[in-house]
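Some notes on the structure that comes next.
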Amino acid sequence: MLIATAVLYWGALRKGRGTKTETTRPDMVILLRDGEVVDFTPDAPDMLDQPDLCGLLWDDLRGEFIRRFPETPDDLPQGTMKLIAQDDPDTILSISSTGPHTRLSIQSKPINAGQMHRLARDRGQLETFRYISQNNPNPVWITNSAEVVTWGNSAYFELCDQVGEPGDESCPFDLAPATTNTARTSRLSLPINDNTRRWFEVLSRPIPEGWVHFATCIDGLVEAEMAQRNFVQTLTKTFAHLPIGLAVFNRDRRLVLFNPALVDLTYLSVEFLSSKPNLFSFFDQMRDNRMMPEPKNYTTWREKIYDVISAAREDRYNETWNLPSGLTYKITGRPHPDGAVAFLIEDISAEISLTRRFRSELELTQSVFDCFEDAVCVFSRLGVLTFANAAYRDLWKADPDGAFAEVTIVDTTRDWQNACEPAPIWPELREYVLSLQDRSPWEVDLRMTNGQQLRCVIAPVAAGATMVRFTKVSRFSPQVVRMRNDSIAATE
């Protein structure tokens with residue numbers, strides 16, 4: 001066997017070192033025994049950029065050959081095979097096997113000075129690309145058809161050290177086997193320690209010798225997605241207990257979000273809402289359920305929907321619907337990002353009923369006080385005139401409801417003072433109305449400039465307010481007689 005190997009080797013070297021011709025150059029030759037390199041010509045190590053090829057296996061050589069000879073077989077063939085380089089038809093790879101011995105040779109035409117210059121330039125670019133790939137902060141690696149790692153950059157092996165994997169043959173990423181020869185993207189996580197996992201997005205692209213994989217760390221993206229998911233869950237729980245109906249339509253005017261209150265308020269079925277109806281179908285169904293005011297003209301109503309959408313997108317849609325059932329709904333449109341629109345439906349029937357009842361009670365109270373002969377007015381804790389009956393308006397020739405600004409105790413006492421004869425009570429009255437301390441009722445007699453005698457009673461009422469009542473006194477009433485006697489006694 002040693003003699004046969006020597007003969008084969010001598011023949012290969014003799015052929016590889018034959019006389020140069022103008023059209024070819026000496027073959028590069030590699031000899032294998034049992035699939036392992038045993039000898040080679042001096043130029044063969046340049047192919048693999050290694051000083052010594054002895055001990056390399058066929059799989060190691062095949063990974064290099066397949067770059068230019070895609071039809072390189074997985075296993076060494078028996079007999080002779082010639083393959084043409086895909087980038088140069090004049091370059092031929094010859095494989096000759098006899099028993100355990102195999103001779104590999106590459107024959108090509110000599111290159112001229114221009115081609116030599118281009119190769120030197122390409123070598124410089126190759127060194128640049130090699131530097132870039134090795135210093136890429138993201139892990140990059142190559143696997144062959146058997147999913148064995150054949151190359152990896154520095155970031156890849158640093159990641160392997162962090163997860164405790166060798167990385168030189170098996171990959172720490174559990175990638176699913178490729179089913180098609182197309183690029184694919186995978187999202188995977190690796191345990192760095194007991195409490196930490198790092199997330200990566202791996203882009204795998206097919207290449208002649210297998211697959212090249214690019215891993216990008218997406219920890220920030222995963223954390224953002226988790227925060228968004230938690231936020232959406234929180235909103236969902238909040239919306240589920242919200243008494244206001246919520247309907248969100250995307251930019252295509254399809255319903256994408258609703259809460260249980262919307263089902264209760266509109267009587268629309270969950271099946272219908274889950275089918276993502278468009279905005280027109282949504283309002284049409286509400287109209288059929290008599291859960292919105294009946295439009296006088298249906299065609300005009302359909303056109304009005306566009307105005308509703310436009311108003312909602314500009315945050316100016318706000319309407320009150322009085323339904324045939326007696327309920328009252330408040331509808332509000334709000335713009336959302338990316339052209340979406342949200343509608344809020346609120347049942348304000350109780351609020352409207354309370355407002356109407358309160359207004360009715362106020363009107364009743366006003367009508368009752370208007371029947372009084374005494375002039376009555378009420379000031380709030382802040383000294384603002386909040387109520388006055390008809391007798392008050394007639395006595396003081398005032399119309400507080402018609403004033404543009406709030407009428408205060410300062411304004412009214414000034415009017416009273418101008419309409420009455422001089423009296424020292426006005427500062428005291430103003431201080432009494434604005435006082436925050438406990439107060440007791442008191443009264444005082446006044447005389448108007450027209451001679452009308454008045455009895456003024458000032459008393460505190462609820463919520464810190466003050467009521468002032470003016471009673472007209474006739475000339476022969478006991479009060480007037482007493483007032484006249486007091487005046488005479490004072491002059492004597």
Practice prompt. Mind grabbing the base-10 log of I(q)/I(0) for segment 124-220 at q = 0.14, 0.15, 0.16 Å⁻¹? Debye formula, identical points on the C-alpha positions, no solvent, two decimal places.
Written response: -0.51, -0.59, -0.67
Worksheet item: For segment 243-347, what is Rg from Cα atoms divided by 2.2 N^0.38 Å, rounded to two decimals?
Response: 0.98
Response to the item:
In terms of the alpha carbon gyration tensor, root eigenvalues a ≥ b ≥ c, rounded if a/c is under 1.5 and otherwise prolate when a/b exceeds b/c or oblate, segment 373-412 is oblate
Discussion item. Students often check this: by mean Cβ neighbours within 10 Å, which of 101-110, 452-461 ranks highest, and how do the rest follow?
Written reply: 101-110, 452-461
Worksheet item: Going toward the positive end of the dipole of segment 365-491, with +1 on Lys and Arg Cβ and -1 on Asp and Glu Cβ, which of 474, 427, 454 do you reach last?
Response: 474
Worksheet item: Which of rounded, prolate, oblate describes segment 36-178, given a ≥ b ≥ c as roots of the alpha-carbon gyration tensor eigenvalues and a/c under 1.5 marking rounded, otherwise prolate only if a/b is larger than b/c?
Response: oblate
Worksheet entry | Rg over Rh [alpha-carbon atoms, Kirkwood Rh] for segment 169-276 | 1.20
Worksheet item: Working out 0.36 nm times the residue gap between residue 449 and residue 386, then minus their Cα-Cα distance, what length gain in nm do you get to one decimal?
Response: 20.0 nm
Fill in: With 5 Å bins from 0: P(r) over segment 60-102, alpha-carbon pairs, percent
5, 24, 31, 24, 13, 3, 0
Discussion item. Step by step: find N for segment 326-485, compute 2.2 N^0.38 Å, then divide the Cα radius of gyration by it. What's the final number?
Written reply: 1.47
Practice prompt. May I ask you to evaluate 6.51 cos²θ - 1.76 cosθ + 1.60, the Karplus curve with θ = phi - 60°, for each residue of segment 280-286 and list the ³J(HN,Hα) values in order in whole Hz, giving x for glycine and proline?
Written response: 5, 5, 4, 6, 4, 5, 5
Discussion item. For Cα pairs less than 8 Å apart in space and 6+ apart in sequence, what is the mean separation divided by the residue count of the chain, i.e. the relative contact order in percent?
Written reply: 6
Worksheet entry | Centroid-to-centroid separation of segment 70-129 and segment 169-227 [C-alpha atoms, Å] | 34
Worksheet entry | Alpha-carbon spread of segment 302-411, three principal axes, descending order, Å | 62, 34, 27
Fill in: Two-site label geometry, residue 367 and residue 437: point separation in nm, points 7 Å out along Cα→Cβ
4.3
Worksheet item: Mean separation of Cα pairs under 8 Å and 6+ residues apart, divided by the residue count of segment 75-177: what relative contact order is that in percent?
Response: 13
Fill in: Sites residue 82 and residue 59, calculated FRET efficiency, Cβ-Cβ separation with R0 25 Å, nearest 0.05
0.75
Worksheet item: For the chain, what class follows from the C-alpha gyration tensor (a ≥ b ≥ c being the square roots of its eigenvalues): rounded when a/c is under 1.5, otherwise prolate if a/b is larger than b/c, else oblate?
Response: prolate
Discussion item. At a 10 Å Cβ-Cβ cut-off, how would you order 467, 28, 226, fewest neighbours first?
Written reply: 226, 467, 28
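None of the figures in this text is laboratory data; all of them are computed from the coordinates on show. Note that the coordinates shown come from a computational prediction; the quantities given were computed from them, not determined experimentally. Note: ideal-geometry Cβ built from the backbone for every residue, glycine included; neighbour counts use all protein chains shown.
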